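In what follows, a single structure is set out as structure tokens and then discussed.
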Amino acid sequence: MQLLTRRSLLAMLAVTAFSGTTCRRLTAQTSPESTHCHTLVIGAGAAGLAAAQTLQDADCSVVVLEARDRIGGRVHTDYDFASHPVEYGAEFLHGENIVTWDWVRRYRMATLPAFDYYRHQFAYANQALLPFRQWSTIPGLDALDLLNGSPIDTLIANWIDAGKPDVSLAQFLELHQIEWSPEVRRLVDHSLSGSYAANLDQLGVYGLMETTYAGDGDRYFRLQKGYSHLLEQFAAGLDIRYATPVTRISWSSSGVQVQTAADQTYTAQQVVITLPLALLKANTVEFVPPLPEAKLKAIQGLGAGHITKLILKFDQPWWPSELESCLTPLDTQFWWRPGWQRSNEAPVLTAFTGAKGADTLGALGRDGAIQTGLQHLEQMFEKPLTARLTDARFVDWQADPYARMAYSYVPVDGVGLRSQLAQPVDRTLFFAGEATHLTRAATVHGALESGIRAAQELLSTPAHRAI
């Protein structure tokens with residue numbers, strides 16, 4: 001959840017290494033109808049902001065076109081719901097060694113540790129809440145180490161080394177006669193649904209082993225002031241045009257012309273496209289001429305995963321003080337306390353749900369999802385809770401018109417599609433976003449690295465260096 005070797009951000013931003021040249025800053029000629037700049041970036045999410053900042057640091061004229069009225073894309077922090085930030089989208093720094101830390105340290109941002117699995121994670125199984133230390137009492141529950149140095153991980157590696165065909169994870173488990181009780185199977189399924197936003201029968205085993213996150217580290221963290229605060233630092237000083245959805249990109253080797261929903265036209269020499277995969281799948285932007293077949297194959301071949309978040313606020317805490325998170329076989333799948341380790345923690349719980357569970361909650365809509373979440377908590381904790389609920393949010397990223405997905409996954413026979421999606425087209429169109437990252441998809445740091453990679457590809461083109 002790497003196409004490029006991870007290095008420190010400061011080194012990655014040393015773009016003057018390209019033949020000792022930088023691009024000349026152009027003065028944008030701006031009117032309501034037409035704008036010209038050297039480079040356009042479509043999307044002000046993590047990938048787009050990283051690309052734009054890298055280009056601007058190289059003294060390029062950059063305009064960022066953002067469909068929303070805010071930055072961040074699938075990063076969205078609510079500062080009003082509780083006494084502390086609450087994340088609607090991406091929430092964690094996934095690892096102690098990831099590139100995001102370079103920005104965290106640069107901007108001197110405080111972080112909080114998250115997910116102490118060994119002391120504070122629970123599972124709801126056999127109609128009981130069990131702390132991690134008791135999971136071994138349930139036959140098969142050790143399978144929750146799936147794809148994390150477990151025997152199954154080794155089995156998949158051996159399968160691939162033997163040159164056997166790609167199969168779904170569900171089929172792989174059946175072929176190896178790995179069987180669990182229905183409840184344990186749901187727990188295993190749910191532990192993966194959130195990580196990959198897909199069901200076991202949708203995930204190809206080759207793709208799972210391609211997405212390694214090698215070297216990222218095992219610890220999780222939150223940003224004290226929220227993820228949006230970090231991205232606001234990226235956005236500072238950038239020329240971002242908000243509420244500007246793109247409808248058409250006309251391109252050739254000599255440049256691009258981008259049209260918006262408001263009939264504005266932007267022209268540039270090159271463009272970095274960071275649209276979510278689902279928007280590319282749905283042809284929300286028309287490419288003239290159409291994209292090459294290899295690019296279209298990658299777009300249609302990769303999976304666009306579904307995640308929902310249900311965030312419930314109560315009158316006061318009623319859960320065990322030692323509980324930080326809880327995995328369940330229910331449709332709400334995985335609960336956690338977003339205010340964990342905060343001195344001003346509000347009585348809030350988040351249910352993070354992927355794949356089939358997200359489909360179920362999404363079909364219920366806001367009110368139905370809230371009612372289902374309350375029923376599940378009452379079942380798990382054996383407490384009446386409806387009267388104690390004071391506020392709620394339901395976030396369905398598949399229903400968001402400018403996302404239509406959470407993050408991507410690789411289906412059976414999908415290995416290589418991420419690399420195809422990332423490839424530039426005619427030294428004019430450059431692609432970034434979590435779906436283009438070979439080994440760190442579905443993460444903010446993967447999106448950041450992809451934006452830097454796309455910007456560096458653009459900066460290294462002969463056409464660019466000739467300016």
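The values are calculated or read from the model by the stated rules, or taken from the named source; none is laboratory data. In this text the structure is predicted, and so the values were computed from the model without any measurement. Every residue, glycine among them, receives a Cβ derived from its backbone with ideal geometry; neighbour counts consider all protein chains shown.
Summary table
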| item | result |
| --- | --- |
| Region 167-190 - residue that is acidic (Asp, Glu) and loosely packed, with under 15 Cβ neighbours inside 10 Å and, of those, modelled with the highest pLDDT | 174 |
| Hits in region 369-396 - residues which are over 28 Å from residue 76 (Cα atoms) and either part of a helix (DSSP H, G or I) or not basic (Lys, Arg) (or both) | 378, 379, 380, 381, 382, 384, 387 |
| Residue within region 80-91 that is within 25 Å of residue 210 (Cα to Cα) and touching a strand residue (DSSP E or B) at 6+ places or on another chain (Cβ under 7 Å) present | yes |
| Of all residues in region 55-90 being part of a loop (DSSP other than H, G, I, E, B) and among the polar types (S, T, N, Q), the one that is modelled with the highest pLDDT | 83 |
| Conditions (1) surrounded by 15 or more Cβ atoms within 10 Å (Cβ to Cβ); (2) touching a Ser or Thr at 6+ places or on another chain (Cβ under 7 Å); (3) closer than 30 Å to residue 50 by Cβ; number of the one not met by residue 214 | (1) |
| Filter result (surrounded by fewer than 17 Cβ atoms within 10 Å (Cβ to Cβ) and either on the phi < 0 side of the Ramachandran plot or in contact with a Phe, Trp or Tyr (Cβ under 8 Å, 6 or more places away or on another chain) (or both)) within region 116-139 | 116, 117, 118, 119, 128, 131, 133, 134, 136, 137, 139 |
| Region 263-272: number of residues that are within 16 Å of residue 61 (Cα to Cα) and either at pLDDT below 95 or not small (Gly, Ala, Ser) (or both) | 6 |
| Region 100-115: number of residues that are assigned to a loop (DSSP other than H, G, I, E, B) and either at pLDDT below 95 or buried (at least 22 other Cβ atoms within 10 Å of the Cβ) (or both) | 1 |
| Unique match (being at pLDDT 95 or above, within 21 Å of the chain's Cα centre (by Cα) and under 30 Å from residue 116 (Cα atoms)) among 398, 300, 375 | 398 |
